[in-house]
1. Gap in Å between the Cα centre of the stretch 161-233 and the Cα centre of the stretch 297-359?
2. Most exposed first by the Cβ proxy, i.e. fewest other Cβ within 10 Å, how do 258, 71 rank?
3. About its Cα centre, what dipole magnitude does the chain give when the only charges are +1 on Lys and Arg Cβ and -1 on Asp and Glu Cβ, stated in debye to the nearest 20?
4. Based only on other Cβ atoms within 10 Å, what is the fewest-to-most ordering of 177, 18, 84, 238?
5. Distance in nm between label sites at residue 301 and residue 360, each 7 Å beyond Cα in the beta-carbon direction?
6. Give me the net charge for the shell around residue 198: Cβ to Cβ below 14 angstrom, other residues only, Lys and Arg +1, Asp and Glu -1.
7. Taking DSSP loops as anything outside H, G, I, E and B, show the longest stretch in the chain free of GluC sites (Glu not before Pro) there with at most 14 other beta carbons within 10 Å.
8. For the chain, state the average projected area of the convex hull of the C-alpha atoms over all orientations, rounded to one decimal in nm².
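Taken together, the values in this text are just the output of simple stated rules run on the coordinates, not laboratory data. Just so you know, these numbers come straight off a predicted model, no measurement behind them. Cβ placement follows ideal geometry from the backbone for every residue including glycine, while neighbour counts extend to all protein chains displayed.
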Amino acid sequence: MIFRPGLEGVPVTQSAICDIDGLKGELTYRGYPLADLASNSNFLETAFLLIWGELPDPKQLREFEHQVQMHRRVSFRVRDMMKCFPASGHPMDALQSSAASLGLFYSRRAIDDPQYIYDAVVRLIAKIPTMVAAFQLIRKGQDPIQPKDNLAYSDNFLYMLTEREPDPLAARIFDRCLILHAEHSLNASTFSARVTASTLTDPYAVVASAVGTLAGPLHGGANEDVLAMLEEIGSPECAVPYLNKAIAEKRKIMGFGHREYRVKDPRASILQSLAEELFARFGKDEMYDVAKALEEAAEARLGPKGIYPNVDFYSGLVYRKLGIPRDLFTPVFAISRVAGWLAHWREQLGANRIFRPSQIYTGSKPRDWSNPESRTPSKEN
Ligand code: SDX
């Protein structure tokens, strides 16, 4: 019995959704290179591809876009529930709670019914952005604004978040970010989704499990920490001293490293070019030079260990330029990754076996209960 912490390198399922070549830095969704989709597709078309395995024909795409547009609104009960959340709470906790609450409204569980699956996919892809934007306005003490039916998916999210219709270039770049973050094989949150799906619970619980997993700083939460790190470094000439100190103290550089990639994450390269496109149009973010200096410095020190920028390293600079608050970077990641989680939910149902791995027991041998008076204080940490 081989013990592999974190299941590193252990295949626990067969999947046809996404393939990663970590040595070459290549990523495909259902066989389509990511760069191709990020240039030519849009998020809803890519979500359809991930979930149902093929690019939709024009009629299927129109119907999917129409259904998502029709289901963007969220019940006043969910909005009123969000008004009871503390304004200081993290938006990922608000999202996890509100995503789980959807299960209360759609309690019929018919996971063997293709129409139920289609409806659940539409509802989650349609409502997650509305809930992310709603908490942003509610925590500012405002009422959330309703979706605008004449706006496309990404334009509408930015509108609900900022209360003004976005510049078309900004909306297009945001939509491409959603494509880039939509799926990444068995990352921690997608594995969470598959484990939860394997018990045959409802898709809202599956997504709530995944949201909670994505929130961690080693996973989706890193994009928020990268910006804080760049600001702590402050200027390009401070990148080398910062890096040397972090390595000496065995601290992880946020936005670097990956279980799969031994080269620069291909998504980081595309996000970097999207950042430069935004800066050319709307003005530069001075933290970009710090990021590039850190990447250059890390190449020498961490590159030989196969540690390079990952998807989270440049994404925050793009989101900040789009006017997205820092603690919404990970909820934005979730808006996108719902497509991947739902693709894996559907795939798991297609060939299900409940996840129940084994363990190597390292605890006490059998022993008898003892009277409280006879006990000595146990270590509490
Ligand atoms: C995402 O899995 C996915 O696909 C995730 C994701 C997705 O799309 O879903 O790509 C999204 O989560 C990206 C990762 C975001 N997280 C971060 O940027 C946090 C910083 N990165 C690390 O915590 C780490 O690189 C992980 C968690 C991403 C990967 O960790 P691993 O594969 O478990 O690697 P490890 O922690 O075992 O490290 C191996 C070695 C160690 O050195 P040694 O003890 O062997 O000497 O590499 C070093 C680590 O110290 N190392 C780093 C480092 N990451 C690994 N050293 C400095 N800085 C880092 N960031």
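1. 6
2. Values: 258 22, 71 17.
Ascending Cβ contact count within 10 Å gives the list 71, 258.
3. That gives the chain a dipole magnitude of about 1000 debye.
4. Details: 177 27, 18 22, 84 8, 238 14.
Starting with the residue having the fewest Cβ neighbours, the order is 84, 238, 18, 177.
5. Those two pseudo-labels are separated by 3.3 nm.
6. Working: positive: 194, 346, 353, 356; negative: 202, 347.
Within the 14 Å Cβ shell, the charges total +2.
7. On the way: sites that count: 8, 54, 163, 249, 286, 380.
For GluC sites (Glu not before Pro) (loop position, at most 14 other Cβ atoms within 10 Å), the longest site-free span of the chain is 55-162.
8. On the way: hull surface 93.7 nm².
About 23.4 nm², averaged over all directions.
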